[in-house]
């Protein structure tokens with residue numbers, strides 16, 4: 001469950017989805033307005049999930065699979081990756097700094 005670290009209000013799916021596609025480091029809590037940031041642990045998980053999604057996208061091409069199988073794997077992988085990234089969301093009230101220096 002993703003909750004604001006300031007007011008404790010739970011973020012809904014739409015708010016988490018908007019934050020996951022944002023390039024800004026911080027995003028104000030929709031309820032109290034306090035800036036919230038993604039944890040470095042979540043950012044590392046997100047990169048791992050994205051890397052695995054890319055691998056699974058190209059898996060059918062190694063086996064000379066048909067386009068219908070490729071499309072099915074693409075759709076399932078995209079849905080599973082988005083689901084995992086949204087449901088593993090972690091927030092903190094201050095910026096962790098640069099990803100590579102943590």
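Just a few scattered comments:
Every residue, every condition in (1) assigned to a helix (DSSP H, G or I); (2) over 17 Å from the mean Cα position of the chain (by Cα), yes or no:
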residue	(1), (2)
23	no, no
33	no, yes
43	yes, no
49	yes, no
61	yes, yes
72	yes, yes
84	yes, no
94	no, yes
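- Whichever residue in the range 41-82 is within 30 Å of residue 3 (Cα to Cα) and touching a helix residue (DSSP H, G or I) at 6+ places or on another chain (Cβ under 6 Å) and, among such residues, is surrounded by the fewest Cβ atoms within 10 Å (Cβ to Cβ): 43
- Within the range 1-21, considering residues that are touching a residue at least 12 places away in the same chain (Cβ under 8 Å) and outside any loop (DSSP other than H, G, I, E, B), the one farthest from residue 81 (Cα to Cα): 3
Where a number appears in this text, it was derived from the coordinates with a stated rule and is not lab data. Everything numeric in this text was worked out from a predicted model, so none of it was measured. Don't worry about glycine lacking a Cβ; one is built from the backbone with ideal geometry, like all the others, and counts go over all protein chains shown.
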